[in-house]
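**Student:** After the structure tokens below, expect a handful of questions from me.
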Amino acid sequence: MIKKIVSLGHGSGGKQTRELIREVFAGNFGMSEPLTDSAILNIACERIAFTTDSYVVDPLFFPGGNIGKLAVCGTVNDLAVSGARPLYLSASFIIEEGFSLEDLEAVAVSMAEEAQKAGVKIVTGDTKVVEKGKCDGLFITTSGTGILPAGREYISTGIRIRPGDKLIINGPLGNHSIAVLGARNNLSFTTTVVSDCASLNNLIESLCDKCSEILFMRDLTRGGLAGVLNELVQITGTGILIDENRIPVDDPVRGACEMLGFDPLYLANEGKILIVAGSGTESEVLKILRSDPLGSISEVIGEIIPDARKRVIMNSVTGGKRIVDMPSGVQLPRIC
């Protein structure tokens, strides 16, 4: 059986391009005819949120997901942690000549499935085909828009954060980075490490609806928890104190980090967020998070403290304290 591949003709704007768009993308994404240059959307609100991101993960397929699922989840989560309700996505594909049409279809199907789970629609996009060797298989850029309900516009700014407010994460760190690293280098772990790649908008919506003291959210992607915590102290002008023994890390991830010299605090995640909740509401927040499979291992990991030097301090498992610095350099490139 001859394997079908993408050719330069698929990027010519002619018959092959139209067939690729209709058969691989529009059909899977539920786009209706006629396919026009712009999607016409109905959004009745005063404020909208808009975001865009590009995905170049290597390898394209990894335990727990692929570049397509990652693109949908990443954009949905960027909107959701801003307090918005994601509605619509666009998706643009740069495809290398010779790329497998079967793999491209698998990516498109996974995007459609994840969009359906998240309750969003992929409404427009673009495809370009480049010569062999000019692109590492497949790159995807997604943009997303959603409505920002009244009363949530402060969430992305952190302006309401005060000392005593609690820091909460919705589960163990590092699974995505280690899953991608394992797939990239054919590493065998005693227990398979699966990416945490997931759309968190439904979990976040439930949290925002039921608790008025959600003061800040940020997804823990590149730079990991350490990166977000250091950004947060710069935003707020306060300090942060966290407890190492309260930060969940799965045993296989911990073992891989110890063997390879990585720190889970700095590893990228694709289904984890940091939440700052008002002091006294942390039990309510944990109850809501733990009622959902995507937050079942949520933990309070620390709190905001007064500190004019804007430091992130960690109580270590050995009994001492150490400063958690902003990441410098890249532990793992091409993980999203």
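**Student:** Would you indicate which of (1) 33, 21, 20; (2) 37, 25, 16; (3) 26, 22, 21 is the value of semi-axes √(5λ) of the Cα gyration tensor in Å derived from the coordinates of this structure?
**Tutor:** (2)
**Student:** Next up: What nm distance separates the two modelled labels at ILE40 and VAL317, each placed 7 Å from Cα along Cα→Cβ?
**Tutor:** 5.9
**Student:** Separate question: Under 10 Å, Cα contacts only: if you run a Gaussian network model on the chain, which one of GLU113, GLU33, GLU258 comes out with the highest mean-square fluctuation?
**Tutor:** Per the Cα network of the chain with a 10 Å cutoff, GLU33 tops the list.
**Student:** Please build a GNM for the chain, connecting alpha carbons under 10 Å apart, and tell me which residue among TYR55, TYR154, TYR88 fluctuates the most.
**Tutor:** It is TYR154.
**Student:** Right, here's the next one. Output wanted: per-residue J couplings in Hz (rounded whole) for segment 133-144, from phi through Karplus 6.51 cos²θ - 1.76 cosθ + 1.60, θ = phi - 60°, x for Gly and Pro.
**Tutor:** Once rounded to whole Hz, the list reads x, 9, 7, 7, x, 7, 10, 10, 10, 10, 10, x.
**Student:** How far apart, in nm, are the 7 Å Cα→Cβ label points at ILE159 and SER212?
**Tutor:** 1.9
**Student:** Kindly write out, for segment 313-322 in residue order, the coupling ³J(HN,Hα) from the Karplus curve 6.51 cos²θ - 1.76 cosθ + 1.60 (θ = phi - 60°), rounded to whole Hz, with x marking Gly and Pro.
**Tutor:** Using θ = phi - 60°, the values come out as 10, 10, 6, 7, 5, 8, x, x, 10, 9 Hz.
**Student:** Turning to a different aspect of this structure: What are the residues whose amide H is under 5 Å from the amide H of GLY125, where those residues sit 5 or more places off or on another chain and H is modelled from the backbone?
**Tutor:** The list, which skips near neighbours in sequence, is ALA91.
**Student:** Can I ask one more? May I ask you to sort THR75, THR17, THR190, THR142 by Cβ crowding, counting other Cβ atoms within 10 Å and putting the fewest first?
**Tutor:** Fewest-to-most ranking of THR75, THR17, THR190, THR142: THR190, THR17, THR142, THR75.
**Student:** Short version: ³J(HN,Hα) in whole Hz for each residue of segment 95-108, in order, from phi by Karplus 6.51 cos²θ - 1.76 cosθ + 1.60 (θ = phi - 60°), x for Gly and Pro, what are they?
**Tutor:** Residue by residue, segment 95-108 yields 10, 7, 3, x, 5, 5, 5, 5, 5, 4, 5, 4, 5, 5 Hz.
**Student:** Give me ARG322, ARG184 sorted ascending by neighbouring Cβ count inside 10 Å, so fewest comes first.
**Tutor:** With the fewest neighbours first, ARG322, ARG184 line up as ARG322, ARG184.
**Student:** Over the chain, with a Gaussian network built from C-alpha contacts below 10 Å, which listed residue (ASP136, ASP165, ASP78) shows the highest mean-square fluctuation?
**Tutor:** Comparing ASP136, ASP165, ASP78 in the GNM, the peak value goes to ASP136.
**Student:** Rounded to the nearest 5, what % of the DSSP beta bridges within the chain are antiparallel ones?
**Tutor:** That works out to approximately 75 percent antiparallel.
**Student:** Taking a cut-off of 22 Å between Cα atoms, list the lysines near LYS272, but don't count ones fewer than 8 places away on the same chain.
**Tutor:** Straight-distance partners of LYS272: LYS69, LYS117, LYS166, LYS210, LYS287.
**Student:** Would you mind ranking MET111, MET314 so that the residue whose beta carbon has the fewest other beta carbons within 10 Å leads the list?
**Tutor:** MET314, MET111
**Student:** Quick one: helix 224-236 against the long Cα principal axis of the chain, what's the angle to the nearest 10°, folded into 0 to 90?
**Tutor:** Its long axis makes an angle of about 60 degrees.
Read-outs: derived from the displayed coordinates by stated rules, not from any lab. Quantities reported herein were computed from a predicted structural model and do not represent experimental measurements. Quick reminder, even Gly has a Cβ in these numbers, built from the backbone with ideal geometry, and neighbours come from all protein chains shown.
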